[in-house]
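Here's the structure, in structure tokens; my notes come after.
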């Protein structure tokens, strides 16, 4: 895939071995010692946002811990669980540029005065786990003593920040309710920074090159580059590094162009939002622009569907996954999402009950804002947008007429 702006992924071509520590230092030099206050100010000036889905400002997150030394010695957790089924950005980054991620956790540890780093890695991502383990062994002994690998369990909620802390503490990857905030009491009841691995890698580059360099890339209010996973009817599915603000149409061109007639696009992953292709085609892929359009950048997944894909079936499969992957610790997840999954499956199979479509609309509203964590909210957001974007499909399936997947007019998006 053509990469016009590479920073995180700069270096040896993807697909080969992970970059060694020697090659990493030849390319970027050793990690500089940046004074703590200066480092946090640089992150704030850069305006870098978290890349784990929530998009919280990284500098503000670090400062919350830095300004409370009275709470004790912090712990850093690098979140590389990546439980989003179709996202691959974090595992690609860790598998190929592991030392950039480790640089990020080390600069976080130095800045915040942490004496322990937990590398929380999705156990199913074997190439990434192997590369990170090998990279840790390449590090000097003084650094190795800080770094501890934890293999995260398979599961969508296992990457949620409170579930991460809960698993590191007790081997139980269920989201927790707050307070206290993790910046006050997390791993081992100590102040804890849970940061996505891409966010940490960005911090390592900012430590070297500064906030002005970081902001040279980007076309919108949110500056810098970001990793995007593009999937669907394009010639080259995979991970691309883009300038934030790159239009969807340009991303598709980077991926070799379309191989089908696009209908819609899911942006931001399974907790993201569907949009009609007519709306999305010219959209800038950056958090601020997407938010203004009622969408979310989320985990950086862009999934295009074409006229061979049934919107009802796709939404039903996502809902089934989210229902099965919940923590099952509250009614909205245990019962609400299960009911939504069941009704969606009946609609997709042309076996709908008379009230199924109405019930899906009603239950989607009922589960929102009532869960023990944000899992039902994310599932409801995805389903609500699917109901709007694929309204004709849902209506046709509800009436047991026909599937519209192969009857969408050809559009000129090439």
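The values are calculated or read from the model by the stated rules, or taken from the named source; none is laboratory data. Computed from a predicted model, the values in this text were never measured in an experiment. Note: ideal-geometry Cβ built from the backbone for every residue, glycine included; neighbour counts use all protein chains shown.
Exactly one residue out of 97, 110 is more than 26 Å from residue 171 (Cα to Cα) and surrounded by fewer than 22 Cβ atoms within 10 Å (Cβ to Cβ): that is 110.
Could you tell me whether residue 192 is outside the structural domain of residue 297 (by TED's automatic domain parsing) and modelled with pLDDT under 90? In short, no. Scoring residue 373 on the criteria (1) in contact (Cβ under 8 Å) with a residue 12 or more places away in the chain; (2) surrounded by fewer than 21 Cβ atoms within 10 Å (Cβ to Cβ); (3) under 28 Å from residue 197 (Cβ atoms) leaves a single failure, condition (2).
Condition check ((1) on the phi > 0 side of the Ramachandran plot; (2) surrounded by 16 or more Cβ atoms within 10 Å (Cβ to Cβ)) across all residues:
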position	(1), (2)
35	no, no
51	no, yes
55	yes, yes
59	no, yes
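Selection of first residues in segment 389-414 that are at positive phi and of second residues that are modelled with pLDDT under 90, restricted to Cβ pairs under 6 Å at least 6 apart or on distinct chains, gives the following pairs, ordered by first then second residue: 400/350.
A single entry from 158, 109 fulfils the requirement of being in the same structural domain as residue 82 (by TED's automatic domain parsing), at pLDDT 95 or above and within 23 Å of residue 188 (Cα to Cα): 109. Screening residue 405 against (1) within 27 Å of residue 280 (Cα to Cα); (2) at pLDDT below 90; (3) over 30 Å from the mean Cα position of the chain (by Cα) leaves a single unmet condition, (3). Against the conditions (1) surrounded by fewer than 14 Cβ atoms within 10 Å (Cβ to Cβ); (2) part of a strand (DSSP E or B), residue 76 satisfies every one except (1). With respect to the stated conditions, residue 96 fails to be touching a residue at least 24 places away in the same chain (Cβ under 8 Å) and farther than 16 Å from residue 228 by Cβ. Residue count for segment 161-181 under the criterion of being more than 16 Å from residue 117 (Cα to Cα), over 16 Å from the mean Cα position of the chain (by Cα) and modelled with pLDDT of 90 or more: the result is 2.
Within the set 26, 43, 8, the sole residue that is in a helix (DSSP H, G or I) and under 23 Å from the mean Cα position of the chain (by Cα) turns out to be 43. The residues of segment 177-186 that are under 18 Å from residue 74 (Cβ atoms) and surrounded by fewer than 24 Cβ atoms within 10 Å (Cβ to Cβ), listed by number, are 178, 179, 180, 181, 183, 184, 185. Annotation: residue 322 fulfils all but one of (1) surrounded by 19 or more Cβ atoms within 10 Å (Cβ to Cβ); (2) in a loop (DSSP other than H, G, I, E, B); (3) modelled with pLDDT of 85 or more; the unmet one is (2).
Filtering 379, 343, 327 for residues that are assigned to a loop (DSSP other than H, G, I, E, B), touching a helix residue (DSSP H, G or I) at 6+ places or on another chain (Cβ under 6 Å) and in contact (Cβ under 8 Å) with a residue 12 or more places away in the chain leaves a single hit, 327.
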